[in-house]
1. Please go through segment 20-37 and give me each residue that is over 10 Å from the mean Cα position of the chain (by Cα), hydrophobic (A, V, I, L, M, F, W, C) and buried (at least 23 other Cβ atoms within 10 Å of the Cβ), ordered by number.
2. Which one is surrounded by the most Cβ atoms within 10 Å (Cβ to Cβ), of the residues in segment 76-94 that are in contact with a Leu (Cβ under 9 Å, 6 or more places away or on another chain) and farther than 18 Å from LYS24 by Cα?
3. Just name the residue that is nearest to HIS79 (Cα to Cα) out of those in segment 122-167 that are aliphatic (A, V, I, L, M) and part of a helix (DSSP H, G or I).
4. In segment 46-81, how many residues are modelled with pLDDT of 95 or more, over 13 Å from the mean Cα position of the chain (by Cα) and either under 27 Å from PHE115 (Cβ atoms) or of a type in the set (Asp, Glu) (or both)?
5. What are the residues in segment 95-114 that are buried (at least 17 other Cβ atoms within 10 Å of the Cβ) and either closer than 30 Å to LYS64 by Cβ or out of contact with any strand residue (DSSP E or B) (no Cβ under 8 Å at 6 or more places or on another chain) (or both), if any?
6. Given the options ILE47, ILE58, name the one that is under 23 Å from PRO25 (Cα atoms) and surrounded by fewer than 17 Cβ atoms within 10 Å (Cβ to Cβ).
7. Does ASP87 meet the test of being out of contact with any helix residue (DSSP H, G or I) (no Cβ under 7 Å at 6 or more places or on another chain), among the acidic types (Asp, Glu) and more than 17 Å from GLU149 (Cβ to Cβ)?
8. Condition first: over 14 Å from the mean Cα position of the chain (by Cα), crowded, with 19+ Cβ neighbours inside 10 Å and either at pLDDT 90 or above or among the acidic types (Asp, Glu) (or both). Can you find one or more residues in segment 138-146 that meet it?
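The values are calculated or read from the model by the stated rules, or taken from the named source; none is laboratory data. All values derive from a computational prediction rather than experimental measurement. All Cβ positions, even for glycine, are placed from backbone atoms using ideal geometry, and neighbour counts span all protein chains on display.
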Amino acid sequence: MKKLNVRTGKTINEVRWNFIKQIKPKVVLDYGAGLDLLRKYAPKDVIVDTFDVGSFPIKYTGIKHKKYDLVFLCDVLEHIPDFRILDKVFKKTEHVFVSVPMLPPSQELEGWRHFKYDTGEHLHYFTKGSLDLFFAVRGFELVKSGKPEVNCGIREDIYSALYKKIK
């Protein structure tokens, strides 16, 4: 898995950084940093704090700043048992980027490669509407969305969205 992630990591993260470039972030938090590839491929003028609860052999920076221009939730939201853990993080930012598996309209849930409920890996599944609602109740509105990672090979069912805090 690590080889696969490292091999495609540069492409995936270039796509993610390009997707959010309009907000020109300077200090960001990668919440659920995994293999820490977002920081590795970050633009040189961006500070990336990293945090994860996983058992990766990575030294993360932790949540060091009081405010962030952007919080990344890349492939992590579907794993979080209790979303209230994100409340403090959302108070620290004006923008959130999220990428989550999203079931294609013609695909049955059972048999779908991201259906991992039985293993306990994916605890939540989202539609575009439920993801927008998730962020709306937390005070965010959709800025843009799509599937920019589709050209990265194994990322065809991954949906990305950028949300902004409603003032």
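1. If the condition is that a residue be over 10 Å from the mean Cα position of the chain (by Cα), hydrophobic (A, V, I, L, M, F, W, C) and buried (at least 23 other Cβ atoms within 10 Å of the Cβ), then VAL28, LEU29 are the ones that fit.
2. Looking at residues that are in contact with a Leu (Cβ under 9 Å, 6 or more places away or on another chain) and farther than 18 Å from LYS24 by Cα, I get LEU77.
3. In this case the residue turns out to be LEU131.
4. Residues that pass the stated criteria total 2.
5. Once the filter is applied, which keeps residues that are buried (at least 17 other Cβ atoms within 10 Å of the Cβ) and either closer than 30 Å to LYS64 by Cβ or out of contact with any strand residue (DSSP E or B) (no Cβ under 8 Å at 6 or more places or on another chain) (or both), segment 95-114 yields HIS95, VAL96, PHE97, VAL98, SER99, VAL100, PRO101.
6. After ruling out the rest, the residue left standing is ILE47.
7. yes
8. Yes, segment 138-146 contains at least one residue that is over 14 Å from the mean Cα position of the chain (by Cα), crowded, with 19+ Cβ neighbours inside 10 Å and either at pLDDT 90 or above or among the acidic types (Asp, Glu) (or both).
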